[in-house]
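Worksheet: the structure to be examined is printed underneath.
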Amino acid sequence: MLRRLRRLCRHYGSEPQYILASATIANPGELARLLTGMEVKVIEENGAPHSGRHFLFLNPDTSSAQVASRIFVRALQYGLATICFTQARKLTELLHLWAIRSAPELKRRISSYRAGFLPEERREIEQQLSSGAMLGVISTSALEMGIDIGGLDVCLLLGYPGTMVTAWQRSGRVGRLDRDSLVILLAQPDALDQYFMKYPEEFFSRGIEAAILDPDNPYVVRSHLTCAAQELPLRLTRETIYDIPALQDSILELEKQHHLLRSAVGDSWYARSRYPQKEVNIRGMGESYAIFKSGTKRAIGSIDGHRALKECHPGAIYLHKATSYLVERLDLERRNIWVSEVEPQYFTRILTDKETEILEVHDSRTLANFTVSTGRLKVTERILSYEKRRLQGQELIGVLPLELPPQIFETVGMWVEVSDPIKNTIQQSGAHFMGGIHALEHAMISMFPLFALADRYDIGGIAHALHPQVGRAAVFIYDGYPGGVGLAVRAYEQAESLLRKTRELIAACPCEDGCPSCIHSPKCGSGNKPLDKAAALQVTELMLDMESMGPPPTAVAAPVELVEIVEAPSLVPLEVNLPWGQTYQVAWLDLETQFSAEEVGGWSKCRLMKVSVLVLDKSREALSEVFLESDLDRLFQQLQAADLVVGFNIKRFDYQVLQPYTSLDLQSLPTLDILEEVHRILGFRLSLGHLAEKTLGVGKTGDGLQALKLYQEGRMSELISYCRHDVQITRQLFEFGVNQGHLIYQHRQGALVRVPVDWSQGKLFEGSGKEAGKEQMVKGQKG
């Protein structure tokens, strides 16, 4: 967004100064340069006044969430303005629900706050907090920074937030007035939480993490390229901010998806959509889903595409402002979710299956007794089923299957290879090897936030006992967002340190078989099965310190495929023939009517308009054929004999007018409707005259009302000439599209822009009888 802003400012002759502020970033200069693309000056002196801040670390024996709810209510009852931070939306809503049930008198003075609320709901909560009308709020990271919510007294952290940056951001919400404040870290049975309970001095002595940013993430860049093209065309030679040659792959992909349209001369790109900004979610990845209450048209919230299938699948319990809803329907096509209000005694949790494919190896090296690599991955995650568990005690009630499309995305990952000698040693000891590397994956992810600005929900992982591409066992850690944001690269750089920290965690945990403090994961898709703590510790120690085995084989980096940047082709002269014209019979038609739409009661009744004249052009014949109302039977025979019928608005108009004259289902004919194709690509309709003028340099000779007048006045030769002209330009548009791969229209910004079309032989005639006959002939020749 900052790049887009600079681009617009520069276009209009402005070079504004940028001021960026943060109290909790270890690398402000580097981050500012990555964000803006400019050189910056860092001012590091801190003169901000603040009152005394007290810290309390609690490690409860019972449910941390239940204890947090009680502390939250007690602080409010003492009149202390309190904010409670949680790590998940569902937990935020659960705490809100429990607080209201235990202290109903506080219902109007507390609220939950998270992404997915409607904007007006968020603004109202912020205003009430700032004014003091609201005394307490339970929030996700949405209220960490950037919003002035007045003076608060107590900050309750339900679990270590994952990074020191986040911990200080959240604790910084209190103590802004002239009185002391309290920060409570309430530990959950999580590896990092328990780490700080054992070593509290680490919390205060650790430096804050460096912010990791990949400004060239292709998924993020592509969505903003479309917005940038709508704001100002992307020009090959005059672009000042974006490196067009370096972005050629992204631009070509956006062209293929019809989000960008190339200019007629091929040196600029324009946005197809009038407002592509509406489709870009700056709070998450993927397109946003709207959540509606069943039986109404009122949206109660939204959820980004990255979470929708996991949290709002059919049967899921969705919580919103202390109200429970059952998800009844998930409309993937329209991106809508329908819910109904319920009072369940259970919550839901999905079970998934994942697999990874290595698309490209970027780097590889050998450390101690293992090989670590980084590269581009394709991750496929399938949601198999979901569990119902009781709210109290989390007892399993049942498991129900789900049928949802797999979530597939490309990202950047790192992987450590576990050599066969290590695997054999573990198996010979009687330990569960798969359970060991699965536990190792969980523990590595839980310790990774010690090395980068991330939490375990930003990264994913998977363990393979035998990965087909690696050729041996491997543990993968990858960025949880399409394209990657740089986290996996950081894990690759710190692989040995990360493995040593992971080994310390597993060895120091007093549990016997593994627990949430060491190897269990709250987001494991297989329900934390199988896990083997002893095997995980043994694998880690062998990888770090078993020289007698010798180093594992060094991985060979796959060759990096070089992409050739091809200059955009210039327009070539029109070819007025078809490459397969002798193989297939193509027919083009257009008709005029006896009555207007107004005379028959509207366009929906065009079947009553009756044919005045129809012109048919065929690819194997030089002359057009004219049909009047009296000889349409002959027309239908010729249409049935054609391999393809082409027209402009033929399905919605011409066929509707013709259908009363025949029992043949005209919609079943192999038909290409040029208007339908253009509408599918652009999202809006263009006239035949506009496309003909901009693509062919030839305009229409009149319009439908003029044609109707010619018929009513009996000027049939002029009417036939008018209709024949429309058929000819329809044919020439089709031939142009076949040979050039696009049509041309005038963009709303004034430029001539390409409408990409794929009218190749395979697309138009795939599966046709003639194509099948040709295959049989080839088989016969081979025989």
Can you confirm whether Val755 is touching a helix residue (DSSP H, G or I) at 6+ places or on another chain (Cβ under 8 Å) and in contact (Cβ under 8 Å) with a residue 24 or more places away in the chain? yes
Based on what the data block shows, is Val280 touching a Cys at 6+ places or on another chain (Cβ under 8 Å) and without any contact (Cβ under 8 Å) to a residue 24 or more places away in the chain? no
Cβ-Cβ below 8 Å, separation at least six or inter-chain, first residue in segment 162-191 and over 29 Å from Ala443 (Cα atoms), second in a strand (DSSP E or B) and of a type in the set (Val, Ile, Thr): which pairs? Arg173/Ile83; Val174/Ile83; Val174/Val154; Val174/Val183; Ser181/Val154; Leu182/Val154
Whether any residue in segment 616-627 is of a type in the set (A, V, I, L, M, F, W, C), touching a residue at least 60 places away in the same chain (Cβ under 8 Å), within 23 Å of Leu644 (Cα to Cα) and not in a helix (DSSP H, G or I) is what I want to check. yes
Would you point out the residue of segment 55-99, among those that are in contact with a Lys or Arg (Cβ under 6 Å, 6 or more places away or on another chain) and modelled with pLDDT of 90 or more, that is nearest to Pro522 (Cα to Cα)? Phe85
Could you list, in sequence order, the residues of segment 403-419 that are open to solvent by 20 Å² or more (accessible area, probe 1.4 Å), touching a helix residue (DSSP H, G or I) at 6+ places or on another chain (Cβ under 9 Å) and assigned to a loop (DSSP other than H, G, I, E, B)? Leu404, Pro405
Look through Thr356, Thr374 and report the one residue that is more than 28 Å from Ser139 (Cβ to Cβ), open to solvent by less than 50 Å² (accessible area, probe 1.4 Å), in contact with a His (Cβ under 7 Å, 6 or more places away or on another chain) and not acidic (Asp, Glu). Thr374
If we ask which residues in segment 184-206 are under 21 Å from Asn528 (Cβ atoms) and in a helix (DSSP H, G or I), their number turns out to be 5
Taking the options His313, His362, name whichever one is open to solvent by 50 Å² or more (accessible area, probe 1.4 Å) and either at positive phi or in contact (Cβ under 8 Å) with a residue 12 or more places away in the chain (or both). His362
Given the structure, is Glu387 in contact (Cβ under 8 Å) with a residue 40 or more places away in the chain and within 30 Å of Met543 (Cα to Cα)? no
Need the failing condition index for His11 against (1) loosely packed, with under 12 Cβ neighbours inside 10 Å; (2) over 20 Å from Pro215 (Cα atoms), just the number. (1)
Pair list, Cβ < 8 Å and 6+ apart or interchain, from segment 700-715 residues that are within 13 Å of Met609 (Cα to Cα) to residues that are acidic (Asp, Glu) and in a loop (DSSP other than H, G, I, E, B): none
Picked from segment 441-488 (must be at pLDDT 90 or above and among the aromatic types (Phe, Trp, Tyr)), the residue surrounded by the fewest Cβ atoms within 10 Å (Cβ to Cβ) is Phe476
Select from segment 228-258 the residues that are part of a loop (DSSP other than H, G, I, E, B) and open to solvent by 70 Å² or more (accessible area, probe 1.4 Å) and list them in ascending order. Thr237, Arg238, Thr240, Asp243, Gln257
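The values are calculated or read from the model by the stated rules, or taken from the named source; none is laboratory data. Note that the structure is a prediction, hence the values are computed from the model and not measured. In this analysis, Cβ positions are derived from the backbone assuming ideal geometry, glycine residues included, and neighbour counts consider all displayed protein chains. These accessible areas exclude ligands, DNA and RNA; they are computed on the full protein's heavy atoms, side chains included. Shrake-Rupley method; radii C 1.70, N 1.55, O 1.52, S 1.80 Å.
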